[in-house]
Each structure stands twice: as structure tokens, then as C-alpha cells.
Amino acid sequence: MDLGWLWWLGAALVLGVVEMLTVDLLFLMLAGGAVAAALAGLLGAPLWLEILLAAVVSVLLLFGVRPWALAKLKSTTPEAKTGVDAQIGRTATVVADVSDRAGRVKLAGEVWTARIERSGVVLPAGTDVIVVRIEGATAYVAQPEMPADPSQPYGPVTQGY
């Protein structure tokens, strides 16, 4: 009994593992071709037919299924913000008075040069601020808005869910 189909199955498993590391759906389509060749080998097809089948199925999956699957994946996967983009919207603490010309804030455990968006306003040390944008190594901050009713810091209570 020819066990060549096991090599195809092994290749499909290796390609599946590589796909889990890249999440690009390229190696998944190649793994699909390897599975098709493994099935053909299991049914007793000659090696040349297995290779041809693996190539044809892989190409069909790459150009037929992958574009649709990538679009679906990207539409349902939220963009993960990293680096500087991940700092925007975070809360920072003023460590040296912040004005429109100078200042320092502690953001995510690091001290950043900071400026406030509005001129003529100075935020004293210890004030919590929100990072609005980052340009170079300078964090532009704004004072968080205070709730209209201090007794309800999370907004008015609504009935029902």
C-alpha cells in the first residue's frame, strides 16, 4: 500500500501552522491543495496526478476564494492600534505644568514632552489629561470634560437597558 498521501497530509499540517503565524490566508490555500493531493493519493492516483491536482486546487483557491476570504476577514477584524497610535485617547498625568509652550506628562509609565491644545491655559502638576494627538515626541493633551452633574459622573441614569 502506497503511503505517499501521508506526505501531502503532513505538508498540509505544516502549511496550516505557518498560516496560523501569518494570518494572510496564503498558506491556507496551499494547504487546501495539499489536502486535495492527499485525498487523490489515498484513492490511489499516481504521483504526477497528485502534483497536478495540488497545483490546480491551490491556484483555484488562491484566486477564487482568498480575495473574498481576505475581505471578509478584514471587515470583521478590528484594527489593532500600536505604537504612537495606541497612546491617543489614553489618560496621562501632568508631572510638570503644561501650557501651550512647555510641560511634561507621564503616559503609560514614560515621561513625555507635552503641550495643551488651547493657548492661555496652564494645567498644574497632578492633573489628569487626555492625549489628543502625538507629533514627534510631543503629546498634545486636553483636559477631560467634566460631567454636567457631578453626582452622576457616568451620565444620567436611563430606565431599562
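Summary table
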quantity: Estimated [θ] at 222 nm from DSSP helical runs (n ≥ 4, -39500 (n - 2.57)) normalised by residues in the chain, nearest 500; calculated: -12000 deg cm²/dmol
quantity: Of the trypsin sites (Lys or Arg not before Pro) in segment 5-83, those whose Cβ has at most 13 other Cβ within 10 Å and which sit in DSSP loop; calculated: LYS81
quantity: Heavy-atom SASA rank of LEU13, LEU70, LEU43 (probe 1.4 Å, accessible area, largest first); calculated: LEU43, LEU13, LEU70
quantity: Dipole in debye (nearest 20) - segment 34-141, about Cα centre, beta carbon charges: Lys, Arg +1; Asp, Glu -1; calculated: 120 debye
quantity: Global form of segment 1-97, assessed from the alpha-carbon gyration tensor, a/c cut-off 1.5; calculated: prolate
quantity: Over segment 1-126, relative contact order from alpha-carbon pairs under 8 Å, at least 6 apart, %; calculated: 16 percent
quantity: Neighbour-limited loop hits for trypsin sites (Lys or Arg not before Pro), segment 94-135 (at most 15 other Cβ within 10 Å; DSSP other than H, G, I, E, B); calculated: ARG101, ARG118
quantity: For the chain, accessible area per residue (1.4 Å probe, heavy atoms of protein chains only), Å²; calculated: 69 Å²
quantity: Top positive-direction residue, dipole computed over the chain with Cβ charges, set ALA45, LEU25, LEU6; calculated: LEU25
quantity: Segment 43-58 - phi-based ³J(HN,Hα) in whole Hz, Karplus 6.51/-1.76/1.60, Gly and Pro as x; calculated: 7, x, 5, x, 4, 4, 6, 4, 5, 4, 5, 4, 5, 5, 5, 4
quantity: Where labels lie 7 Å past Cα in the beta-carbon direction, separation of ARG101 and VAL17 in nm; calculated: 6.2 nm
quantity: Eligible aspartates and glutamates near LYS72 by straight Cα distance, threshold 17 Å, same-chain separation 8 or greater; calculated: GLU19, ASP24
quantity: Within the accessible area of the chain (1.4 Å probe), percent carbon and sulfur; calculated: 65 percent
quantity: Set of aspartates and glutamates with alpha-carbon distance to LYS106 below 14 Å, sequence-local pairs under 8 removed; calculated: ASP97, ASP128
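The values are calculated or read from the model by the stated rules, or taken from the named source; none is laboratory data. All values derive from a computational prediction rather than experimental measurement. FYI the Cβ positions are ideal-geometry reconstructions off the backbone, even for glycines, and counts take in every protein chain you see. When the accessible area is computed, the model is the full protein with side chains, heavy atoms only, and any ligands, DNA or RNA have been set aside. Shrake-Rupley method; radii C 1.70, N 1.55, O 1.52, S 1.80 Å.
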